[in-house]
Amino acid sequence: MVETDHEVALEDTDRIQGRAALVNNVRAATSLAGAIRSTLGPKGLDKMLVEDDGSALVTNDGVTVLETANVEHPTARMLIDASSSQDRVARDGTTTTVILVSEMLQNALELVRMGIHPSIIVKGYDIALEEALCEVRRVSKESGNIQKVQVVRTSLQGKGDSSLCELIGELAIKAAQKIAGEQGGDNLERMRIKRLQVRQGSVMDTTLVDGLMLLKSRVDFSSPASSERGNVAIIDGGIEPPKLSTNASIEVQNTGVLKEFHERARDSIRKKIDHISSIGADLVVVRDGIDDEAISLLTERGITAYRRFERADLDLLANITGARAVRDALSLRVEDLGSFSKRSEETIAEVSHTQIEGDGNGMTLVVKGATPAIREEAIRIFDDAIGVAHRLNSKPGVLPGGGAIHAHLARHLRSFSNTNPGREQLAIEAYASALESIPRILAENAGRDPVDVILSLSADQNESGAWIGFDLNKGVNADMEEAGVLDPEFVVSHSLSGSTEAAISVIRIDDVLWARTDPSTPNWEEEEGED
Ligand code: ADP
Ligand code: MG
């Protein structure tokens, strides 16, 4: 009876169960990881992503490739989510994460084929993760200034021209230093530093300036082009006459009505300007428009004004000056005012730019360069670099790069697995092999023989410890601290947890129901038959 109820309920679905479901899911994960594995590491190749409109982006960043791709398989989407979460939290290690999930899944499938129950595998993977995270903490060292530069350099390897990476990396470290200690969530380093593109000069002239700089000029050129030390008011709205709602109409019976209407609008504007002036603002920055009438009133009262600021710029300005944005000029209070230390205007590439500085945190990366492509590349490099540099300030642990930590964890877990009497032992070993894929693929992508690299790495680590890794630039095993190939601990730990979590959730799936109405339902029949 219960069975029949199910049959009726599932009439409109295709269904794969048990091992066939796992086979199908592992296959999706493997093909997704296969698409980006050749990008891993400094010697990784680039991918060219072509949009529908023909525009192209060349990148070797795993998460960019995945987020741009049109992936429909739900398991593949879970991997992409794991990689996006890695990007959001750690800003690096995205390719590594996807590769790890796929390797963990392939090894799990092997175990299932050997007759190990998925729940045993899940338990073994959990134990392995916990042990790996402990070992990561044990191996990590605290970074000083020199190591910070090396971590940023390592994370930028292969991301672009090396002198550009060097320059942008230095700027990112400088910027990260300035916002160190400030609280503010995952996106702080994006909010505090504006990226401004200037179509001029060479990308190597890119600089970091204090305060907010943007493509704007004051509303009235008869007001002074620059000023120092003053109060600023931020209005998250406009200084305009009240708008009539779109379907309202006024029937004008005589010219007096029209005049009165204008009078009232003018009065309301004057009241606003008088209020702004009475609380002592010297500079007014507005998100929407400023009425012509208001402009001349402001100038008369010695107030300089700017209009049509983007919300993100207003937020940054608020942080720089300590001002609090209000929606309407009349609700401004003295305590909403902030203070700026300097405001100046400069013509760059024939357009007027304004820079406003204050005592609070806020900077602008002025990205120069002749083409949008080169400027955008510089911005991507900066985003990666500051993401890592900023997080290193609060989480200073570093680990040997070049897959050394993964090779070490694999060896460590293999000997640790012996202490587990149950079948989980096999799962822990499978997990260890999955971790080894990182040095293997790094070597492979550099045109090395992966088996030779793993064997020599393992021998050298046995003798000299976890910090020995394969330096891809020199082609030899070396102490990664001396070679300066370092990965942040938070990147490695988050990637281990994220990939294990994703792999486990796929292993737990034992029934996949595809709604038949979805035209993209994959053809799984052949996969089911395979096993
Ligand atoms: P992800 O998206 O996972 O960060 P990347 O393509 O950025 O992938 O590659 C990161 C890996 O490359 C890290 O394991 C890092 O240690 C390694 N790596 C970077 N530079 C070197 C180097 N000179 N020698 C060996 N490995 C390196
Ligand atoms: Mg990276």
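Values quoted throughout were computed directly from the atomic coordinates according to the rules given, and no laboratory measurement underlies them. Computed from a predicted model, the values in this text were never measured in an experiment. Here Cβ is always computed from backbone atoms with ideal geometry, including for glycine, and neighbour counts include all displayed protein chains.
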Point to revise | Principal-axis tilt of helix 255-278 within the chain, Cα atoms, nearest 10 degrees | key: 70
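Once you charge only the Cβ atoms, +1 for Lys and Arg and -1 for Asp and Glu, what is the size of the charge dipole of the chain about its Cα centre, to the nearest 20 debye? Numbers along the way, then the final one.
Values: 57 positive and 85 negative charges, 398 e Å.
Here the chain has a charge dipole of around 1920 debye.
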Exercise for review: Just name one of VAL152, ILE507, ILE438: the one whose Cα is farthest towards the positive end of the charge dipole of the chain (beta-carbon charges, Lys/Arg +1, Asp/Glu -1).
Suggested key: VAL152
Practice item. With everything on Cα atoms, drop me the angle between helix 311-321 and the longest principal axis of the chain, reported from 0 to 90° to the nearest 10. Key: 80
Review point. Nearest 10 degrees, 0 to 90: what angle lies between the long axis of helix 450-464 and the longest principal axis of the chain (Cα atoms)?
Key: 90
Check your understanding: For the stretch 253-275, list residues with backbone N below 20 Å from a point placed 7 Å from the Cα of SER296 toward its Cβ?
Key -> 259-275
Exercise for review: Can you grab the distance from the C-alpha centre of the stretch 69-93 to the C-alpha centre of the stretch 322-380, Å, no decimals?
Suggested key: 33
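Check each of the trypsin sites (Lys or Arg not before Pro) in the stretch 416-479 and keep only those in coil by DSSP with at most 11 other C-beta atoms within 10 angstrom; list them in order.
Numbers: sites: ARG423, ARG440, ARG448, LYS474; in loops: ARG423, ARG448, LYS474.
Loop-located and lightly packed - LYS474.
For the chain, what is the calculated [θ] at 222 nm in deg cm²/dmol (nearest 500), taking -39500 (n - 2.57) for each run of four or more DSSP H residues and dividing by its residue count?
Details: 19 runs with 274 residues, N = 531.
Helix-only estimate at 222 nm: -16500 deg cm²/dmol.
Run the numbers for ASP186 and VAL257: contour at 0.36 nm per residue of separation, minus the present Cα-Cα distance, in nm. Don't skip to the end; give the middle numbers.
Working: separation 71, 0.36 × 71 = 25.56 nm, distance 5.51 nm.
Full extension from ASP186 to VAL257 adds 20.1 nm.
Given an 8 Å cut-off on Cα distances and at least 6 residues of separation, report the relative contact order of the stretch 212-361 as a percent. Mind dumping the intermediate values first?
Details: 288 pairs, mean separation 58.3, N = 150.
Relative contact order of the stretch 212-361: 39 percent.
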Practice item. Take every DSSP beta bridge with both residues inside the chain and express the antiparallel ones as a percent of the total, to the nearest 5. Key: 75
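Relative contact order for the stretch 16-146: what percent, with Cα pairs under 8 Å and sequence separation of 6 or more?
On the way: 99 pairs, mean separation 30.4, N = 131.
Result for the stretch 16-146 is 23 percent.
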